[in-house]
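Peer 1: Structure in structure tokens, see below.
The values are calculated or read from the model by the stated rules, or taken from the named source; none is laboratory data. These figures come from a predicted structure and were not determined experimentally. Reconstructed Cβ throughout: ideal geometry from the backbone, glycine too, with neighbour counts over all protein chains shown. Please note that ligands, DNA and RNA were not included when accessible areas were found on the heavy atoms of the full protein model with its side chains. Shrake-Rupley method; radii C 1.70, N 1.55, O 1.52, S 1.80 Å.
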Amino acid sequence: MTTSINTAEMQALTKWLKQERESQQLSMRALAERMDKPHSYVQKVEQGERRLDVVEYVWYCRSLKLDPQVGLSLIQQTLAEKG
């Protein structure tokens with residue numbers, strides 16, 4: 001089994017999180033401050049260098065005021081497209 005960090009599902013999820021951050025006109029630094037994390041945390045997530053565990057994912061979504069279920073649905077959709 002491969003690690004999740006380099007999969008289409010993870011790439012879709014991180015792309016969505018980045019788009020949502022940008023649509024709120026938040027810099028990576030501003031989001032990191034909301035999360036009480038270093039700037040590099042957000043940068044590594046968005047660049048696919050760091051994956052989120054499920055709890056971190058929920059925290060990330062809460063910081064962006066997103067419903068975590070939307071991202072989970074995106075993962076399911078990506079899996080279904082792969083067959």
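Peer 1: Among the lysines, select those whose C-alpha is under 19 Å from the C-alpha of K44, and discard any that sit fewer than 8 residues away in the same chain.
Peer 2: Partners found: K15, K18.
Peer 1: With charges only on Cβ, +1 for K and R and -1 for D and E, what is the dipole size of the chain about its Cα centre, in debye, rounded to 20?
Peer 2: 140 debye
Peer 1: A further question on this structure: Peptides 43-49, 57-63, 19-25: what's the order by average Cβ count within 10 Å, highest mean first? Provide the component values of the computation, followed by the final result.
Peer 2: Details: 43-49: 15.1, 57-63: 17.6, 19-25: 12.6.
Going from most to least packed, we get 57-63, 43-49, 19-25.
Peer 1: Which FRET efficiency, nearest 0.05, do K44 and L72 yield, Cβ-Cβ r, R0 30 Å?
Peer 2: It comes out at approximately 0.90.
Peer 1: In nm, to one decimal, how far is the modelled label at L64 from the one at A80, with both set 7 Å along Cα→Cβ?
Peer 2: In this crude spin-label approximation the distance works out to 2.1 nm.
Peer 1: Which entry in (1) 18.5, 56; (2) 11.7, 34; (3) 12.4, 39 matches Rg and Dmax of the Cα atoms in Å derived from the coordinates of this structure?
Peer 2: Answer by label: (3).
Peer 1: Let me ask something else. What percent does the relative contact order of the chain come to when contacts are Cα pairs within less than 8 Å and at least six residues apart?
Peer 2: That works out to 37 percent.
Peer 1: Pop out the carbon and sulfur fraction of the accessible area of the chain as a percent, whole number, probe 1.4 Å.
Peer 2: Solvent-exposed carbon and sulfur of the chain make up 49 percent of the total.
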